[in-house]
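Participant: I am attaching a structure below and will ask some questions about it afterwards.
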Amino acid sequence: MKTGSADRADTATIVQLLDLPAAPERPRDPSQLERARAFAEPLLQGRELDTGEDALAHAQGVAAILEALGAARELQAAAYLVYAGDFLSQPEEVVAKAFGASHASLVTATRKLVAIQRAARAVQVQQEQQTERVRKMLLAFSRDLRVVLLRLASRLQTLRWFAASRRPCPEALAREAMDVFAPLANRLGIWQVKWELEDLSFRFLQPDEYRAVARQQGETRIERERQIEAIRRRLAEALQQQGIRAEVQGRPKHLYSIWKKMQGKGLAFANVYDVRALRVIVESLPDCYAALSRVHELYPAVAGEFDDYIARPKPNGYQSLHTVVQGADARPVEVQIRTRAMHEHAEHGVAAHWAYKEAGARGYAGVSAGGSFDAQIAEARKAVLRQLLAWERDFAAGAEGGQGAFDDRIYVITPQAAVVELPAGATAIDFAYLLHTDLGHRCRGARVDGAMQPLNRPLANGQTVEIIAAKEGGPSLDWLNAEQGYLKSPRSRAKVRAWFNALAQQATIARGREAVEKLLQREGKTALRLDDLAQQLGFRNADALFEVVGKDELSLRAIENLLRPAAPMPSPDELIAQRHARAPEAVSGGGVLVVGVESLLTTLARCCRPAPPDAIGGYVTRGKGVAIHRRNCSNFRQMAERTPERVIAVAWGKGGAAALYPVDVIVEAADRQGLLRDISEVFAKEKMNVVSVNTRSVADAQGGTAWMTFTVEVGDAARLAEVLARVARVGGVRSVRRR
């Protein structure tokens with residue numbers, strides 16, 4: 001598509017806009033451009049792009065936009081080669097042979113970016129995050145600015161085609177132009193492309209608002225530009241007559257900028273005074289006020305619309321005189337007056353115009369688009385602006401350029417053209433773990449840009465990475481060796497460590513399972529369900545039981561006690577009838593003596609865990625003999641109140657020196673590594689056997705609290721107090737008590 005003269009800007013205008021020194025004239029060499037056009041025409045003729053555009057017309061339109069921007073003819077030639085590459089089986093090889101490696105690399109990078117954009121538009125989940133990655137990916141290719149210029153020109157040509165053909169533009173494509181390409185053009189200072197992308201995107205995304213602003217304008221852009229040019233010329237002549245050396249620039253405000261300012265400040269169209277604006281750049285500070293005086297002599301000032309940011313700079317250091325005057329047609333015109341140094345600071349310093357206008361519709365309310373990424377772009381922007389056209393012209397001659405604006409991160413591409421962000425220096429293994437933990441575990445090799453690459457070689461911006469994975473398996477311990485450089489990301493290291501920790505846990509569980517199964521075989525209980533056994537011992541499942549057995553934190557004696565057959569038990573009625581049949585008498589064996597009854601089955605209540613010399617009482621249960629409780633047990637008191645006839649007097653036996661009784665100990669402590677081991681060592685030194693442990697950790701403001709219940713075997717509960725005092729001295733323990 002050919003462009004009209006109103007849409008073009010000659011090289012001198014672009015150079016002046018970017019504050020670049022004019023490039024020296026050089027002989028025109030049409031051979032490269034003509035060869036590229038002749039090469040591409042047979043391939044593109046009659047073809048359509050995925051947008052519906054004629055491929056040849058699109059390439060011609062892109063070349064025309066690049067010419068309007070003052071781009072070298074070599075880059076205009078590349079516009080044809082990039083689109084011809086879509087219809088070649090091996091585009092990079094063919095272009096390299098016919099036009100050289102420089103154009104071949106450009107074709108490769110540009111085609112890769114096109115695939116990224118298509119994939120990003122197809123992503124519905126986390127669309128904003130993917131869009132930001134595409135923006136960063138585009139700027140990551142700024143080492144070859146030809147790629148960025150080609151993509152900007154291509155998107156502008158596509159929007160022009162939709163507008164000229166009056167076809168509906170896909171929302172995703174227009175949104176990408178607004179969110180990605182217009183800000184990129186703004187950052188690079190290509191204002192002509194920036195405003196046209198914004199206006200066309202605005203037209204497709206918000207047609208009603210676009211038409212409303214256009215109607216309020218009441219004039220075409222060409223008319224506005226003609227009026228601005230007339231005012232600019234008159235003011236420039238008046239300043240020259242006054243002896244003031246000045247550069248006067250005119251800038252009619254485009255529709256999207258008008259709408260955004262109306263939204264941001266809540267203004268009516270009549271109150272937007274900078275729809276038409278002039279910028280006057282003078283040599284010195286006195287010339288600023290002299291030029292202001294001359295402006296007010298020529299045009300009447302609008303009351304209340306004058307700001308002296310020279311005497312009172314903005315907080316970000318911005319300095320300029322702002323005034324609004326009435327033009328010859330009585331319409332407002334904003335005039336900004338500043339020195340060359342002030343202009344340089346406003347355009348390239350912390351007060352750069354793009355820094356707050358990219359904040360969105362609310363950007364005019366003072367919200368700044370900050371962040372580390374924008375800060376890095378701000379640092380690199382001044383150099384990019386000055387090198388943009390000159391560097392691009394020299395690229396074909398072998399000049400190198402670009403800025404390291406992404407020193408702390410890289411952006412690589414999946415085979416499906418999705419952009420992945422990684423820390424600088426990341427490897428293919430880091431890439432695999434970011435995609436999926438299991439893929440990282442099974443990673444055995446990587447193809448980078450189609451070629452095999454060692455797993456510990458750092459990736460670079462823009463590379464396409466394909467992981468080669470085994471069907472099963474896990475990571476290597478070598479990956480955790482920092483000197484070998486397999487992993488850069490802390491996240492990847494944590495996943496590898498977690499895999500080896502899980503492997504060690506599985507070995508512990510297997511060791512515990514083997515010990516428990518051997519015990520069941522000795523006891524003749526192989527038919528017993530392991531999960532039922534674990535639940536009877538207070539564990540959630542069999543693996544939890546096996547793990548503590550494998551760590552030697554639970555004695556097999558606790559399981560043996562559970563598996564021993566119970567003695568025949570008299571009925572509750574018989575127990576009650578014999579309650580006072582005989583006088584208390586001592587027994588020679590150890591254990592609990594039920595007063596008046598010999599050889600009676602008794603069980604120690606789990607709720608209070610009695611042990612000598614605790615005061616105890618008995619309660620005749622149904623089917624389980626006499627349950628022995630501590631006298632101060634709340635459960636025992638409640639049962640005695642409800643059914644006092646079932647309470648029976650009991651006493652500890654006299655000869656029970658060898659008898660052991662389970663006692664529950666509750667510990668509250670600050671959670672830390674090795675806490676369970678340290679407490680267990682105290683019980684071991686005191687020769688108290690731990691038969692079970694239950695632990696629970698709760699995250700809190702203090703960094704985590706651990707609740708532990710130890711079941712230990714004691715022969716004398718009076719000695720337990722000494723042991724608990726030693727446990728209380730373990731680091732991190734806040735309280736310890738018997739339940």
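The values are calculated or read from the model by the stated rules, or taken from the named source; none is laboratory data. All figures in this text were calculated on a predicted structure; none of them were measured in a lab. Cβ placement follows ideal geometry from the backbone for every residue including glycine, while neighbour counts extend to all protein chains displayed. These accessible areas exclude ligands, DNA and RNA; they are computed on the full protein's heavy atoms, side chains included. Shrake-Rupley method; radii C 1.70, N 1.55, O 1.52, S 1.80 Å.
Participant: Just one of (1) assigned to a strand (DSSP E or B); (2) without any contact (Cβ under 8 Å) to a residue 60 or more places away in the chain; (3) open to solvent by less than 70 Å² (accessible area, probe 1.4 Å) trips up residue 695, so point out which.
Facilitator: (3)
Participant: Using beta carbons and a limit of 6 Å, which pairs, at least six apart or on different chains, have the first residue in the stretch 455-474 and over 18 Å from residue 436 (Cβ atoms) and of a type in the set (Phe, Trp, Tyr) and the second one modelled with pLDDT of 90 or more and exposed (fewer than 15 other Cβ atoms within 10 Å of the Cβ)?
Facilitator: none
Participant: Sticking with this one: Report yes if some residue within the stretch 492-505 is under 19 Å from residue 435 (Cβ atoms) and of a type in the set (Val, Ile, Thr); otherwise report no.
Facilitator: yes
Participant: Has the stretch 719-731 got at least one residue that is under 13 Å from residue 682 (Cα atoms), outside any helix (DSSP H, G or I) and in contact with a strand residue (DSSP E or B) (Cβ under 6 Å, 6 or more places away or on another chain)?
Facilitator: No: the stretch 719-731 contains no residue that is under 13 Å from residue 682 (Cα atoms), outside any helix (DSSP H, G or I) and in contact with a strand residue (DSSP E or B) (Cβ under 6 Å, 6 or more places away or on another chain).
Participant: Since residue 645 meets every condition but one in (1) without any contact (Cβ under 8 Å) to a residue 12 or more places away in the chain; (2) exposed (fewer than 12 other Cβ atoms within 10 Å of the Cβ), which condition does it not meet?
Facilitator: Tallying (1) without any contact (Cβ under 8 Å) to a residue 12 or more places away in the chain; (2) exposed (fewer than 12 other Cβ atoms within 10 Å of the Cβ), residue 645 fails exactly one: (1).
Participant: Counting only residues that are touching a Ser or Thr at 6+ places or on another chain (Cβ under 7 Å) and either surrounded by 15 or more Cβ atoms within 10 Å (Cβ to Cβ) or small (Gly, Ala, Ser) (or both), which one in the stretch 667-692 is nearest to residue 547 (Cα to Cα)?
Facilitator: 692
Participant: Touching a residue at least 12 places away in the same chain (Cβ under 8 Å), open to solvent by 10 Å² or more (accessible area, probe 1.4 Å) and closer than 17 Å to residue 31 by Cβ: is that true of residue 92 in this structure?
Facilitator: Considered against the rule, which asks whether it is touching a residue at least 12 places away in the same chain (Cβ under 8 Å), open to solvent by 10 Å² or more (accessible area, probe 1.4 Å) and closer than 17 Å to residue 31 by Cβ, residue 92 comes out as no.
Participant: Tell me which of these residue 475 doesn't satisfy, since it passes every other one: (1) in contact with a His (Cβ under 7 Å, 6 or more places away or on another chain); (2) surrounded by fewer than 18 Cβ atoms within 10 Å (Cβ to Cβ).
Facilitator: Status for residue 475: all satisfied but (2).
Participant: Related question: Tell me the residue from 283, 305, 334 that is open to solvent by 20 Å² or more (accessible area, probe 1.4 Å), farther than 21 Å from residue 229 by Cβ and either at pLDDT below 70 or touching a Phe, Trp or Tyr at 6+ places or on another chain (Cβ under 8 Å) (or both), please.
Facilitator: That would be 305, the only listed residue that is open to solvent by 20 Å² or more (accessible area, probe 1.4 Å), farther than 21 Å from residue 229 by Cβ and either at pLDDT below 70 or touching a Phe, Trp or Tyr at 6+ places or on another chain (Cβ under 8 Å) (or both).
Participant: Oh, and also: Inside the stretch 172-183, can you point out the residues that are in contact with a Leu (Cβ under 7 Å, 6 or more places away or on another chain) and open to solvent by 10 Å² or more (accessible area, probe 1.4 Å)?
Facilitator: Within the stretch 172-183, 175, 178 meet the criteria.
Participant: What is the number of the single condition among (1) open to solvent by 30 Å² or more (accessible area, probe 1.4 Å); (2) touching a Lys or Arg at 6+ places or on another chain (Cβ under 7 Å) that residue 440 does not meet?
Facilitator: (1)
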